[in-house]
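Down below is the structure, laid out as structure tokens.
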């Protein structure tokens, strides 16, 4: 049994390139680096990097990936409208 914030023993830690959800920030990111229990994440379509503890991330589902794609498209549209 695990307590809140602990990773189950059979769950693999995230590897570079994995798409994960940072539950603390409710953001989808790609793992671009790691140091101990900290992961360096970047938005799946570039963007700023941020750090998350490995206990705060979970593997992204197809739904999570779709949500990130829609958010990226919406952001691009907002930027384009701002230039017009």
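Computed values, structure above
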read-out	value
Index of the failed condition, residue 25 passing every other in (1) outside any loop (DSSP other than H, G, I, E, B); (2) at pLDDT 90 or above; (3) surrounded by fewer than 17 Cβ atoms within 10 Å (Cβ to Cβ)	(1)
In the stretch 11-22, the residues that are in a loop (DSSP other than H, G, I, E, B) and surrounded by 13 or more Cβ atoms within 10 Å (Cβ to Cβ)	13, 14, 18
Tally of residues being in contact with a helix residue (DSSP H, G or I) (Cβ under 8 Å, 6 or more places away or on another chain) and modelled with pLDDT of 95 or more across the stretch 39-53	1
Selection count where residues are touching a residue at least 24 places away in the same chain (Cβ under 8 Å), under 13 Å from residue 14 (Cβ atoms) and in a loop (DSSP other than H, G, I, E, B), scope the stretch 31-73	1
Members of the stretch 26-49 found to be closer than 24 Å to residue 73 by Cβ and over 9 Å from the mean Cα position of the chain (by Cα), listed by number	32, 45, 46, 47, 48, 49
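The values are calculated or read from the model by the stated rules, or taken from the named source; none is laboratory data. Quick caveat, the model's predicted, so the values are computed rather than measured. Glycine also receives a Cβ, built like all others from the backbone with ideal geometry; neighbour counts cover every protein chain displayed.
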